[in-house]
Amino acid sequence: MTLTRRTLLQASAATALTGSVFAPFVARAQEPEFAYKYANNLPVTHPMNIRAAEMVEAIRKETDGRVAISVFPSNQLGGDTDMLSQLRSGGIEFFTLSPLILSTLVPNASISGIGFAFPDYAAVWRAMDGKLGDYVRGQIAKAGIIAMDKIWDNGFRQITTSTKPIDTAADLKGLKIRVPVSPLWTSMFKAFGSAPASLNFAEVYTALQTGTVDAQENPLAIISTAKLYEVQKYCSLTNHMWDGFWFLANRRAFMAMPENLRTIVAKHINEAGMKERADVAALNTELQKDLTAKGLAFNAPKPESFRAQLGTAGFYGEWKGKYGDEAWSILETYTGKLG
Ligand code: X2X
C-alpha cells in the first residue's frame, strides 16, 4: 500500500474522530462532574422542553462540560406525584411543577392559583416576580426544596369537554371533569357543583378517550401539544385561573455544585424561563385558529357567573382562612379585593 498525501490525511481524520492516536493532543470536553436529571410532564414539542433543550446546552458550554443535565419530558419518569417524591429523595435533581400540585407538600404554594385572581399576564408577572413569588419561594425553601427565581408559564386555563360548551357557571353542574392532583382544584370545581376527578396529567389523554371523564381544563398550548383536541369537542375560554411551573431543585444536589457553577446554572434556567413565558403567551393567543381547524368548537363565556358562584359557595372565604391573612393580603396587593 502506497501512502499518498491523501490517504495519510484520511487516516489521520479517521483516528481523530475515534480519538485513539491523537486523543492526548485534542482538547477534549471534560467528563461531567455533575450529571443531573431534569424531568417534567409535558410533550417535547411544548415550549418548556424546547427552551429546556437550549438551556441544557448553554449550561454545558458555559461550565466547560462540568454540568450535564439530561431532560426527561412527557412523564417518562412517572406522573407528577411520583416525580415530586423522586425530587425529594434525589432520584431526580430538577423538576418543574404547578404551584397547585406542589401544595400537596407546601400548602400555601397554591395561592397563585385562586380562581379569577389575576386579570392578565401583567398582573401575574408583577406578583410572581414580586412579593407573592418571594413569599411562596420562602415556603418552598422551608420544605427543603429550592425554587428558582423565575416561575415558568403554563398559562390561563380553559375548559374542554366532549359533551357541550360551557357558557355559564350553571353548565359546570355535575360535569365529570379531570383536575390535577391538588386540594385547591378539587375545591374550586366542587364550588361549581362539578364532579371533579383528580388525575395526574400522564393519565389525562386516556381518561378522556375512554370516557372516564368528559372534560378537562388546560391552557391552549397544552391542549395543542398534548393533542387533547383529538378526544374533545368543545373549548370554552373561561380563563378561570392562571397556572405556572416552579423550576425546582433538590437542595442537596444543587448545593453540591460550587457557587460559580450554581450561579451559571440558575442564570440559564431563569433565562430559559423568561423565553418560555414569551413563547407560551404567544401560543395561547395564536392557537385558537389552528385548534378550530383541528375540530374544536370555541366559545368565550363571560366571567361574571363563575365569579359569583365561587363567591356564593364560600370559596374565597374558605381559602383566605386556610392561607391566613398575611399570604392573602400579599395576593390582594396584586389582584385587588377578592370574593
Ligand atoms: O396537569 C396538568 O393539567 C398540567 C399539565 O397543566 C399541570 O402540570 C398542572
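Every number here is computed from the coordinates shown, using simple stated rules; none is lab data. Just so it is clear, the model here is predicted, and its values are computed rather than measured. Here the Cβ is made from the backbone with ideal geometry for all residues, glycine too, and neighbour counts use every protein chain on show.
Between R262, R277, R251, the distinction of being away from the ligand (no atom under 11 Å from the Cβ) and either among the small types (G, A, S) or in contact with a helix residue (DSSP H, G or I) (Cβ under 7 Å, 6 or more places away or on another chain) (or both) belongs to R262 only. Consider S74 carefully, then state whether it is within 16 Å of the ligand (Cβ to nearest atom), closer than 14 Å to I145 by Cα, among the small types (G, A, S) and out of contact with any strand residue (DSSP E or B) (no Cβ under 9 Å at 6 or more places or on another chain). Criteria not met by S74. Residues of segment 145-174 that are surrounded by fewer than 23 Cβ atoms within 10 Å (Cβ to Cβ), touching a helix residue (DSSP H, G or I) at 6+ places or on another chain (Cβ under 8 Å), of a type outside the set (K, R) and assigned to a loop (DSSP other than H, G, I, E, B): M148, D149, S162, P165, T168.
This table checks each residue for (1) within 15 Å of the ligand (Cβ to nearest atom); (2) crowded, with 23+ Cβ neighbours inside 10 Å; (3) under 28 Å from M257 (Cα atoms).
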{"site": "L97", "(1), (2), (3)": "yes, yes, yes"}
{"site": "I101", "(1), (2), (3)": "yes, yes, yes"}
{"site": "P107", "(1), (2), (3)": "no, no, no"}
{"site": "S110", "(1), (2), (3)": "yes, yes, no"}
{"site": "G115", "(1), (2), (3)": "yes, yes, no"}
{"site": "D129", "(1), (2), (3)": "no, no, yes"}
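Of the residues in segment 77-90, not one is away from the ligand (no atom under 16 Å from the Cβ), part of a loop (DSSP other than H, G, I, E, B) and buried (at least 16 other Cβ atoms within 10 Å of the Cβ). Just so you know, in segment 57-76 the residues that are more than 18 Å from S182 (Cβ to Cβ) and part of a loop (DSSP other than H, G, I, E, B) include one that is farthest from the chain's Cα centre (by Cα), and it is D64.
Which ones in segment 297-339 are of a type in the set (K, R) and assigned to a helix (DSSP H, G or I)? Quick ask: steps written out before the conclusion?
Step one: filter segment 297-339 for residues of a type in the set (K, R), giving 302, 307, 320, 322, 337.
Correct list: R307, K320, K322.
Taking segment 181-296 as the region of interest, the strands (runs of 3 or more DSSP E) fully inside it that hold 2 or more residues being farther than 30 Å from Y36 by Cβ are 195-198, 215-218, 234-236.
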